[in-house]
Amino acid sequence: MLVELAVKMEADSVHLGRADTPLHVARKLIPSTMQIGYTIDSLEQIEHIDTYDADYFGVGAIFDTKTKVHTKPTLGLSGLALIRAATDKHIVAIGGIRTDNAIDVIRSGANSLAVIGAVYDSKNIHRDIQELLQAENLSANKQ
């Protein structure tokens with residue numbers, strides 16, 4: 001259903017988890033210009049053959065977060081670094097990313113950040129977004 005909706009909406013990408021349409025099936029249903037993201041929450045998952053069909057990985061939770069309940073332990077910066085070492089695909093770090101840890105997350109291997117909680121809980125949205133963008137700019141400068 002998610003894949004079909006993304007195609008109908010002419011989205012740039014669709015992000016899938018393990019409970020969604022398998023990546024190899026989704027790849028056949030989408031236009032060649034649409035990217036597929038896939039959720040990874042352990043190093044072992046990145047070695048699964050199906051992940052090769054993903055264009056990028058949503059990796060996390062890196063830290064504890066209030067926006068989604070996780071049953072697995074958080075990865076932390078060391079877990080993120082291990083996953084970074086195992087792939088050259090784009091990594092979007094998710095879970096507990098805030099202004100006070102965003103630079104460390106980028107330095108540990110993320111290319112970009114998912115920051116729902118940081119934005120939602122912000123007391124100074126303009127300042128916090130500027131700080132998060134500066135952290136992401138570090139990633140752009142590394143490439």
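The lysines whose alpha-carbon is closer than 17 Å to the alpha-carbon of Lys123, local same-chain residues fewer than 8 away aside, are Lys66. Going by neighbour counts of Cβ atoms within 10 Å, the residues Lys72, Lys123, Lys89 line up, fewest first, as Lys123, Lys72, Lys89.
So for the range 19-79, considering every pair of alpha-carbon atoms, how many percent are separated by more than 18 Å?
Of the Cα pairs, 41 percent sit more than 18 Å apart.
Karplus-derived 3J(HN,Hα) values for the range 58-64, using 6.51 cos²θ - 1.76 cosθ + 1.60 with θ = phi - 60°, are x, 10, x, 7, 6, 10, 4 Hz; glycine and proline are entered as x.
Kirkwood hydrodynamic radius of the chain, from the reciprocal of the average inverse Cα-Cα distance over all distinct pairs: 15.8 Å. The amide H of Val59, built 1.01 Å from its N in the peptide plane, has Ile40, Val92, Ala93, Ile94 as neighbours under 5 Å, considering only residues 5 or more places off or on other chains. A simple charge model with +1 on the Cβ of Lys and Arg, -1 on the Cβ of Asp and Glu and nothing else charged puts the dipole of the range 2-142 at about 160 debye relative to its Cα centre.
The fewest-to-most ranking of Glu10, Glu136 by surrounding Cβ atoms within 10 Å reads Glu10, Glu136.
Scalar couplings 3J(HN,Hα) for the range 4-9, obtained by applying the Karplus form with A = 6.51, B = -1.76, C = 1.60 to θ = phi - 60°, are 4, 5, 4, 5, 4, 7 Hz; x denotes Gly and Pro. By the count of other C-beta atoms within 10 Å, a proxy for reagent exposure, Phe63, Phe57 are ordered fewest to most as Phe63, Phe57. Pairs of Cα atoms nearer than 8 Å and 6+ residues apart set the relative contact order; for the range 1-116 it is 20 percent. Please work out the Kirkwood hydrodynamic radius for the range 38-116, using every pair of different C-alpha atoms, and report it in angstroms with one decimal place. Result for the range 38-116 stands at 12.3 Å. Partners of Lys8 within straight-line reach, counting lysines whose Cα lies under 29 Å from its Cα and excluding those fewer than 8 residues away in the same chain: Lys28, Lys68, Lys89.
Laboratory data are not the source of any read-out in this text; all were calculated from the coordinates shown. All values reported here derive from a predicted model rather than from experimental measurement. Neighbour counts are summed over all protein chains in view; Cβ atoms, including those assigned to glycine, are modelled from backbone coordinates with ideal geometry.
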